[in-house]
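Heads up: the structure comes next, in structure tokens.
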Ligand SMILES: Cc1ncc(COP(=O)(O)O)c(C=O)c1O
């Protein structure tokens, strides 16, 4: 892994905190798919202070609520979260003097909910409803809390234009700056679709030719997907979010949980990067596409969050064998081959 392209020099601007988020470094991944012929780069957003890309989203969502007058000094912020936005909002709310109530479901990592509590947040966990749609249950609980908690407002990450604005104005411009130009292919994972929509808006605004790939989970309802059981948090959604109505990535790549796990394990063993399930999904999506990408193409991806919170799941062999259909094959990390093409 080379940090900062071929120079191995850290971009010093990454040391400056920009009102809630860090300008994270970009690293060149030479060992992940060594025979691929493409130049693969990863933006290391797991280095954000709350451990994920959602640090950016939280900042833009709170700034917007403060500006439009909905959030008063000492007020309460309520949001549905699978974990990462909750940690980021908990951190930034405590800095700004707000109370934060995080509505989570049972799939949220325990480390994430403990982190929110450490930042002073209240964690409200919904039961999984009979139809299994946890996201819907969380959103309904947010509405109940807003009706009952005086002075409470929601950041509404599923429909708030400030969510994609965070990525249009920071994530992609920083990446392009570090690469010295737009990548030929950009892979990001999707949940609210804020990241992919923000990248799309920045690409359209600048007139770049970048092919944008949105990576989703099998079992997610985004972009006409068939709803199904999912065990890993971070990517996918139980309904088509409002933001997703405006998002039109060039391709949607759906990844099974077994392949996400294999992607995470490859990244750990070949590049020494410990990342979460959605980043593993991106690795799998890139691995599948490699045979069709031209030699010398620049491929960029986001590392959305770190892998520590996934040690009891993604990185635990027993959990994978017990919980993930086809999980056994995700445990075999071969030396240098591209397993996503071999399996196809
Ligand atoms: C772990 C993880 N995966 C995927 C995403 C992309 O999510 P969204 O579509 O909500 O921007 C994020 C966003 O921060 C994330 O933290």
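The single condition from (1) surrounded by 17 or more Cβ atoms within 10 Å (Cβ to Cβ); (2) part of a loop (DSSP other than H, G, I, E, B); (3) away from the ligand (no atom under 16 Å from the Cβ) that residue 325 fails is (1).
Hey, does the stretch 292-309 have a residue that's closer than 25 Å to residue 210 by Cβ, at pLDDT 95 or above and assigned to a helix (DSSP H, G or I)? Checked against the condition, which is being closer than 25 Å to residue 210 by Cβ, at pLDDT 95 or above and assigned to a helix (DSSP H, G or I), the stretch 292-309 yields at least one hit. Of the numbered criteria (1) without any contact (Cβ under 8 Å) to a residue 40 or more places away in the chain; (2) away from the ligand (no atom under 13 Å from the Cβ); (3) in a helix (DSSP H, G or I), the one residue 198 fails is (2).
Note on the stretch 244-291: residues that are assigned to a strand (DSSP E or B) and under 16 Å from the mean Cα position of the chain (by Cα) amount to 5.
Scanning the stretch 223-238 for residues that are touching a residue at least 60 places away in the same chain (Cβ under 8 Å) and over 17 Å from the mean Cα position of the chain (by Cα), we see that the one that is nearest to residue 327 (Cα to Cα) is 229.
Being farther than 17 Å from residue 163 by Cβ and within 14 Å of the ligand (Cβ to nearest atom) holds for only one residue in 183, 249, 233, and it is 233. Exactly one residue out of 222, 243 is modelled with pLDDT of 95 or more, within 13 Å of the ligand (Cβ to nearest atom) and closer than 20 Å to residue 289 by Cβ, and it is 222. Residues considered: 188, 252. Of these, the only one that is in contact with a strand residue (DSSP E or B) (Cβ under 7 Å, 6 or more places away or on another chain), assigned by TED's automatic domain parsing to the domain that holds residue 22, buried (at least 24 other Cβ atoms within 10 Å of the Cβ) and modelled with pLDDT of 95 or more is 188.
The values are calculated or read from the model by the stated rules, or taken from the named source; none is laboratory data. Just so you know, these numbers come straight off a predicted model, no measurement behind them. Cβ: placed from backbone, ideal geometry, glycine included. Neighbour counts: every protein chain shown.
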